[in-house]
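Some notes on the structure that comes next.
The values are calculated or read from the model by the stated rules, or taken from the named source; none is laboratory data. Since we're looking at a predicted model, the values are computed, not measured. Note that we place each Cβ from the backbone using ideal geometry, even for glycine, and neighbour counts take in every protein chain shown. Please note that ligands, DNA and RNA were not included when accessible areas were found on the heavy atoms of the full protein model with its side chains. Shrake-Rupley method; radii C 1.70, N 1.55, O 1.52, S 1.80 Å.
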Amino acid sequence: VLLHRLANFQRVWSLPPNENTGKEVTALAWRPDGKILAFGLTDTKRIILCDVEKPESLHSFSVDSSVTYMHWMEVTEESSVLTSFYNAEDESNLLLPKLPALPKNYSTTAKIFSEEKSDEIMKLLGDVRLNALVLGGSSGFIEIYAYGMFKIATVTGVAGSCRGLCLSGDLKSLSVITEVRDSSDSEAEITYFQASKLDTSLLSSYLPEVTRMARKFTHISTLLQYIKLSLTCMCEAWEEILMQMDSRLTKFVQEKNTTTSVQDEFMQLLLWGKASLELQALLMNQLTVKGLKKLGQSIESSYSSIQKLVISHLQSGSEALLHHLSELKGMALWKQKYESLGLDVSGIEEAITAVGSFILKANELLQVIDSSMKNFKAFFRWLYVAMLRMSEDHVLPELNKMTQKDITFVADFLTEHFNEAPELYNRKGKYFNVERVGQYLKDEDDDLVSPPNTEGNQWFNFLKNSTHLKESPLLFPYYPEKSLHFVKRQMEAVIDQCLQKPADVIGKSVHQAVCLSLYKTSQSEDSTPQLFKLPFLWNDKTSNIHYVLFTILENSVSKIHILRRHTDTSRSVSNGILAVEFGNFLNNSINESSDSRCYSCLDAHFYDDETVSVVLKESLEQEGKERVLAQLPLSSVYTDEDQDREFIWDSTKRLDEQSGEIPTRTVFLENQWRVLENMKAQYVAVNGIRKVSCVLSSNLRHVRVFEMDVEDDGEVEEEEEEETT
């Protein structure tokens with residue numbers, strides 16, 4: 001994906017294909033505020049949301065089918081309820097402490113939350129006004145994502161692969177153009193669906209509720225990402241060096257030829273101050289005094305970083321998550337408003353319980369870190385002195401002091417951590433598990449190697465003996481055998497499950513109002529690259545009308561047709577379909593007498609609500625004939641004089657089979673055109689707000705940018721033009 005500035009074609013950034021995101025981009029869409037670009041990848045079936053300033057993925061999610069078209073729209077509907085919601089945005093900002101930014105010194109995964117000002121997340125959430133990213137893909141796949149992140153509808157019942165779609169600004173109607181291929185037929189048929197009632201009942205009438213729910217869901221998705229990245233940072237803080245103790249001791253067991261256990265060897269050293277020769281060799285030659293010091297420092301720094309991350313990031317993230325889920329539960333309990341949208345109380349309660357279990361597991365990890373740090377400190381301090389004595393170095397008097405309490409501490413540590421476990425050797429290839437923190441951070445389904453010891457814990461005993469509390473919904477389930485990663489995955493799955501239901505419910509309420517068969521694609525067309533090809537959809541927000549532009553080949557002229565439908569399917573629009581042909585306006589290029597219908601339309605795009613930009617070529621194309629970029633005003637097409645010639649659509653036939661009866665307008669363009677010299681133009685992309693058009697050549701190698709509204713200075717037409725290759 002390459003992003004260029006329009007003014008001088010300077011490249012802003014490029015995002016090369018990579019393994020994580022994917023290699024083949026099939027669709028792009030800008031968020032309506034222009035701050036985020038979404039693109040769909042077909043090989044990995046992922047959607048990436050990317051920042052406009054720098055090529056960083058702010059958010060990504062997987063879809064079930066490869067996406068062929070994307071449309072990102074903003075809701076234009078206004079109401080007093082919505083306005084008050086927009087203004088009162090997020091009391092959670094007042095109630096919840098600000099999430100601390102993730103530390104910078106970990107890998108790039110954490111970039112999004114590691115800015116000094118954690119505004120990336122706000123950038124991702126964007127404006128409170130609801131906007132929706134609509135995805136269309138192969139085999140009838142259509143999904144709608146609120147704020148580009150949270151799925152609010154999975155639309156079913158549309159056949160074929162999507163070529164274009166458009167959701168109206170009041171959410172009343174979704175128009176889809178699909179390409180249906182029969183297995184027997186080599187040519188595809190282009191069909192137009194208008195799913196009216198895209199929840200007219202649901203999405204549009206419950207707009208404030210949908211907006212509120214979607215806003216909550218986007219908060220929840222970003223918090224899940226925050227927790228995931230905090231965990232990634234914790235895994236990076238845990239270093240491999242911490243495994244040295246386990247591997248050295250295992251090697252020692254394999255090489256020694258005495259019958260005493262490792263635990264006994266260390267105990268003898270502790271009690272008599274004398275070590276066997278083997279232990280001495282292990283300590284002095286393999287571990288060494290310097291190595292011991294380094295190991296002690298690594299353990300301390302690593303454990304304290306993990307501890308900080310758990311306290312400041314994991315816990316604050318989970319608490320915020322709990323807050324948003326509890327608010328969501330409150331919404332779900334307000335049945336008359338939210339039940340019909342598919343919010344389900346029991347599912348949300350399960351999600352809350354899962355977050356509770358995750359918080360418990362994080363607390364357990366804190367306790368393990370705490371006790372490990374104390375134990376290791378005492379153990380290393382004692383071992384350090386013992387090793388200095390072995391090497392007959394001078395021992396400082398303050399190191400030499402060891403109280404009875406310290407000795408008991410070290411002895412307990414040895415008894416608990418230094419017993420050999422042959423079954424562990426079969427599982428992990430080592431006999432020891434001295435280091436207890438790493439097991440919590442492993443992303444495996446295996447149970448913990450050394451789960452915490454809960455014997456004698458009064459609370460556990462109390463629970464065991466109480467019949468009423470066992471089943472209590474107030475107690476979070478506790479998984480003593482599982483790692484933190486496992487509990488996190490479980491929590492994500494439950495939350496996904498609970499957020500999934502509204503999408504299915506809303507999707508099922510979408511009904512198809514109209515299905516019109518437009519035309520068959522000719523084989524010759526398919527050889528050209530499938531780009532922003534017609535048909536093209538446009539939604540006029542002020543008059544709530546969907547327009548479809550497409551061309552039908554007639555007597556070797558591809559004639560442009562305009563189809564108009566009201567977003568409210570019960571209302572009809574006069575002149576539902578018209579064909580447009582262009583009168584001769586390049587008078588010098590062909591002799592006067594020849595037929596005036598001489599232009600074929602190659603591509604067309606709505607420039608704004610009143611104008612269509614088209615790329616034309618002469619049908620009798622000879623060498624040296626140029627292509628033309630023209631602006632077609634709709635006012636010249638929809639004139640009042642012939643309202644009587646209304647076209648009666650025979651729905652049993654395709655439109656191209658009835659093309660003779662379609663009312664045709666011949667339009668003479670005065671000065672709204674320009675010849676494109678030395679360029680085989682094929683496609684056009686326009687932006688009416690910025691008053692520019694870009695024309696792309698048929699070999700996809702040349703782009704020309706035109707400013708459309710420059711005042712004419714004599715002969716100079718729309719100058720201000722560059723070409724880039």
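Run the reach check for Lys653 against lysines, Cα to Cα strictly under 22 Å, same-chain hits fewer than 8 apart removed. What comes back?
Partners within reach: Lys520, Lys559.
Looking at the stretch 357-464, what % of the alpha carbon pairs are farther apart than 22 Å?
Pairs farther apart than 22 Å: 48 percent.
Holding the Cα-Cα limit at 25 Å, pick out from Lys442/Lys470; Lys45/Lys501; Lys274/Lys377; Lys172/Lys228 the pairs that are longer than that.
Beyond 25 Å between Cα atoms: Lys442/Lys470; Lys172/Lys228.
Across the Cα atoms of the stretch 297-340, what radius of gyration and what greatest pairwise Cα-Cα distance (Dmax) are found, in Å?
Both quantities, over Cα of the stretch 297-340: 18.2, 60 Å.
Can you pull the one-decimal nm distance between simple spin-label points at Leu271 and Ser572, each 7 Å off the Cα toward Cβ?
Taking the simple label geometry, Leu271 and Ser572 are separated by 10.3 nm.
Can you list the lysines whose alpha carbon is less than 18 Å from that of Lys54, not counting same-chain residues fewer than 8 positions off?
Lys35, Lys104, Lys111, Lys117, Lys123
Note down the nm distance, to one decimal, between modelled labels 7 Å out along Cα→Cβ at Glu444 and at Lys104.
Output for this residue pair reads 3.6 nm.
For Glu19 and Ala421 in one chain, what is 0.36 nm times their gap in residues minus the Cα-Cα distance, to one decimal in nm?
Full extension from Glu19 to Ala421 adds 140.7 nm.
Round to the nearest 10 and report in Å² the accessible area of Lys335, as given by a 1.4 Å probe over the protein chains' heavy atoms.
100 Å²
Compute the convex hull volume of the Cα atoms of the stretch 1-57, divide it by the residue count, and report the result per residue in Å³ as a whole number.
77 Å³
What nm value, rounded to one decimal, do you get for the distance between Lys680 and Gln297 when each label is placed 7 Å out toward the C-beta?
Distance between label points: 6.8 nm.
Once you charge only the Cβ atoms, +1 for Lys and Arg and -1 for Asp and Glu, what is the size of the charge dipole of the stretch 1-78 about its Cα centre, to the nearest 20 debye?
Here the stretch 1-78 has a charge dipole of around 360 debye.
Could you calculate the contour length gain from Asp33 to Gln658, that is, 0.36 nm times the residue separation minus the distance between their Cα atoms, to one decimal place in nm?
Computed gain between Asp33 and Gln658 is 220.8 nm.
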